[in-house]
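Input: a single structure, listed below in structure tokens.
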Amino acid sequence: MSTPPRTAPLARTGFDPEATLAALASGPRAERLRHVHEVPARPASLAAWPDWVDPCVHAACAGAGVTSLWSHQREAADLAHAGSHVVMATGTASGKSLGYLLPVLTALVEGSSAPTGRGATALYLSPTKALAADQLARVQAMAVPGVRAATYDGDTPSEERRWIRDHAHLVLTNPDLVHHSLLPLHERWAPFLRRLRYVVIDECHVYRGVFGSHLAALLRRLRRVCARYGASPTFVLASATVRDPGDHASRLVGLPVEAVTVDGSPREEMTFALWEPGALDEGFGGTAPTGGDWAAGYTADEGPAGPGDELVGRSFPPQELRDTSGETPARRSATSEAADLLAELVSARVQTVAFARSRAGVEALASSARRRLEDQPRLAAAVAAYRGGYLPEERRELERALRDGDIIGLAATNALELGVDVSGLDAVLLAGWPGTRASLWQQAGRAGRAGTRSLAVFVAADDPLDTYVVNHPEVVFGQPVESTVLDPDNPHVLAPHLAAAAAELPLREADLEMFGPDARRLVDALVARGILRRRPSGWFWARSDRASDHVSLRGSGEVVGIVERRTGRVLGTIDEASAHSQAHTGAVHVHQGSTYIVTELDLETGTATAVRGDPGWSTFAQSVSAFDVVGAQDSRSWGPIDVAFGAVRVHNQVTSFLRRLPGGEVIGTHPLDLPQRTLSTKAVWWTMPVEWLAAAGVAEVDIPGAAHAAEHAAIGMMPLVATSDRWDIGGVSTALHPDTGLPTIMVYDGHPGGAGFAQRAYGVFEMWLSATLEAVRSCRCESGCPGCVQSPKCGNGNEPLDKAGAVRLLEAVLREAPQHH
Ligand SMILES: [Zn+2]
Ligand SMILES: [Zn+2]
């Protein structure tokens, strides 16, 4: 036996997830392990090649090493080939690409014998340029004879653009380009569109909320322009696993879409742990072993060592946490805890990626892990941070370093979800709920090489949803409850798209149907505003500028630029609503990890002037909020409780800000003179009679605190039922609402016109409130913490909050639910 040379890869081969987990959860950390679930291996379900696949395509697949199909690939390919719109919703790395490439490439090859050499074309849409580039590389590697594929995006030189339009069979692009270029200039694309057989929409679960509403409108415009050229393409969509993917895809495309959801690809076993960080003063408990001593105990051949297999499938009682009332978190942050876990794993040569929710979190995670490893410089140097936004060469270099084992620990944001091929790692750490269950599984799916089991550890952040997840493992391991919502009828989104559609081709009466029931009313309003002109042959764009320039698909309205005072350099932008609360005069603003003080916010010019520097305090905007009920669209009564969904106007005014020291001490309150902002949107709200609340144990004087606390927790639980960010949602609670005359709690979509989140919450109201109650009740703090009822974006400085009152209020509301009578 010889010792390996010093330059040998650091990462080990052979990995036992259960023993690794047992080591992580040893000693004082035992009680942080809250649940272990064994995700079973799944055998491959194979399917025969369809006989309709063109022999050239078959040969190209064989050349690329693909000789058999998984059942879902066959099912989707058959449906698409037969002309049915189809969505594949299967796991990460389940080979969804092949499901659409078989019918698409077959159609393209068959079409290439046409006199023009281009009898059929296909359009591939992805949310990012990076993903389109990866798909192009895949198609080019297959080298199907006669198929010309090209990416077409903002970076494509104009001399290439023309060639692509005139000659490419497969164009890979993004929705923004379809909106700004392909549709407005559709005459140039006529030969391509005339032959358009397939539209592939990859990663379609990304199109949710307002972005989803934009894409829905865009696809209706595309269908209409295609129809003008006599084409009616088949839509093939790929999605992460979500609830009801067929419904989501049908709403996006506006046509019935079949769903393929049974995943036929094989999967190795994965040990999935839910981890709750310890109390703040406990630290991590124990030091990282040096040199991977405990790693020696678990080579792949030996099977589980230690108590590993006893852990599986069990939940553990919650640990006792010392209560720290007020603003102080009760437990360590997910980032610190994940950094310590990462250091331990790296120390044991377990190749691991740790996902954090923000760029700043990624930096903190990586540097903290390196610090813990500082007595082992070679290991410390094998920890890297990936923040996204890198050049393709840098991404490829990163992939290489991971493959070769030069990097053992990588901290990353979810930017990694798209566009970088990082797979086959041993372990994945998730520091905080990644936003959606789909993202959670997508990130966890980064672990696992062929033939080897893997480990995933979810580390709970101080957040009601994370608290709920560690107490309710079924949220992760049971059937999905969150659905991908979008509202194709949002008038704020649809109206400018109708204008853009009219600019592409005059709108006719018969066209309006595909744009939904409100289209006619919106078109009339556009005529009244002089944006469209009605003529006998239809509605025309009446202005001299470009209609598409009035819409941004990514949905931000007015933006404020953050400008460095010394250099005049634009550091970044922030939407106007956020500027009021985060970039007001005097705000301490953290931008990409650097701290600035805003010296002046000028709303006239849309600039916030800032100087670099950290004053040692943070600022918290204070605001007043109120809302008017415009009209309930739907409502129901639970005994004395009235629950409604409908249109509201939310008024918000940032009135002052607090300066606070890191310990939470307030060192000053400063008034601000900012205008009130009004948001017209959709909301779910419920009212409760005062006497009924009193009978439930919430005295009149306690109503503001109880309602406020219930509102915060309900907002925090929204991502459980709809794929939203906490930041997509707002809420207002009041002890006496002028419209309802009653104590009222309201939760609204934070985008003009709504985005579908509140509607979904109304639809699953009981489940949503039950989960909210559970999150608050099961949090072990005494009087409220960020894990239950405190909110990081509260405009009232989290005052007043009554945790116990919120529990009594929510229990009483749920007792009125119909089946309880
Ligand atoms: Zn709490
Ligand atoms: Zn609040």
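The values are calculated or read from the model by the stated rules, or taken from the named source; none is laboratory data. Computed from a prediction, not measured in an experiment: that's the story for all the values here. When we count neighbours, we look across all protein chains shown, and the Cβ atoms used for this are built from the backbone with ideal geometry, even at glycine. Keep in mind that these areas ignore ligands, DNA and RNA; they rest on the heavy atoms of the full protein, side chains included. Shrake-Rupley method; radii C 1.70, N 1.55, O 1.52, S 1.80 Å.
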In the chain, which Cys residues have no partner Cys with a Cβ closer than 4.7 Å? CYS56, CYS61, CYS204, CYS226, CYS794
May I ask which residue of LEU455, GLY572, ALA583 lies farthest towards the positive end of the charge dipole of the chain, with charges of +1 (Lys, Arg) and -1 (Asp, Glu) on Cβ and the Cα centre as origin? GLY572
With a 1.4 Å probe and every protein chain left in place, work out the accessible area per residue of the chain in Å², rounded to a whole number. 39 Å²
Report, to two decimal places, the Cα Rg of the range 591-642 normalised by 2.2 N^0.38 Å (N = number of residues). 2.12
Report ³J(HN,Hα) in whole Hz for each residue of the range 92-108, in order, from the Karplus equation J = 6.51 cos²θ - 1.76 cosθ + 1.60 where θ = phi - 60°; Gly and Pro get x. 4, 6, 9, x, 4, 3, 4, x, 9, 5, 4, x, 5, 5, 4, 5, 5
Total formal charge among the other residues, if their Cβ is under 15 angstrom from that of GLY805, Lys/Arg +1 and Asp/Glu -1: -4
Hey, how much of the P(r) for the range 95-135 falls beyond 12 Å, as a percent of Cα pairs? 64 percent
Any aspartates and glutamates whose Cα falls less than 14 Å from that of LYS803, other than same-chain ones fewer than 8 residues away, would be ASP323, GLU327, ASP702, GLU711, GLU774, GLU782, GLU811
Applying the Karplus parametrisation 6.51 cos²θ - 1.76 cosθ + 1.60 with θ = phi - 60° to the phi angles of the range 801-814, what ³J(HN,Hα) value in whole Hz is obtained for each residue in order, glycine and proline being reported as x? 9, 10, 5, 4, x, 5, 4, 5, 4, 5, 4, 5, 4, 5
Can you show me the helix-derived [θ] at 222 nm for the chain, built from DSSP H runs with n ≥ 4 at -39,500 (n - 2.57) apiece and divided by the number of residues, rounded to the nearest 500. -9000 deg cm²/dmol
Determine which aspartates and glutamates satisfy two conditions relative to LYS682: a Cα distance under 13 Å, and not lying fewer than 8 residues away in the same chain. ASP487, ASP489, ASP628, ASP634, ASP728, ASP749
With a/c under 1.5 counting as rounded, go ahead and sort the range 562-673 into rounded, prolate or oblate using the C-alpha gyration tensor (a ≥ b ≥ c being the square roots of the eigenvalues; past the cut-off, prolate if a/b is larger than b/c, else oblate). prolate
With the Cα gyration tensor of the chain giving a ≥ b ≥ c as the square roots of its eigenvalues, does the rule (a/c under 1.5 for rounded; else a/b larger than b/c for prolate; else oblate) give rounded, prolate or oblate? oblate
Amide H to amide H under 5 Å from LEU486: which residues, 5+ apart in sequence or cross-chain, H placed 1.01 Å off N in plane? GLY209
Among the lysines, select those whose C-alpha is under 24 Å from the C-alpha of LYS96, and discard any that sit fewer than 8 residues away in the same chain. LYS129
Local electrostatic count at ALA755 - Lys and Arg +1, Asp and Glu -1, tallied over other residues with Cβ under 9 Å: -1
Ignoring the sites themselves, what is the longest stretch of the chain with no GluC sites (Glu not before Pro) in a DSSP loop and at most 11 other beta-carbon atoms within 10 Å? 1-186
Share of carbon and sulfur in the accessible heavy-atom surface of the chain [1.4 Å probe, %]: 51 percent
Determine the shape class of the range 36-174: with a ≥ b ≥ c the square roots of the Cα gyration tensor eigenvalues, call it rounded for a/c under 1.5, and otherwise prolate if a/b is greater than b/c, oblate otherwise. oblate
Antiparallel bridges, percent of DSSP beta bridges restricted to the chain (to nearest 5): 60 percent
Sort the following peptides by mean Cβ neighbour count (other Cβ atoms within 10 Å, averaged over residues), highest first: 260-267, 495-502. 495-502, 260-267
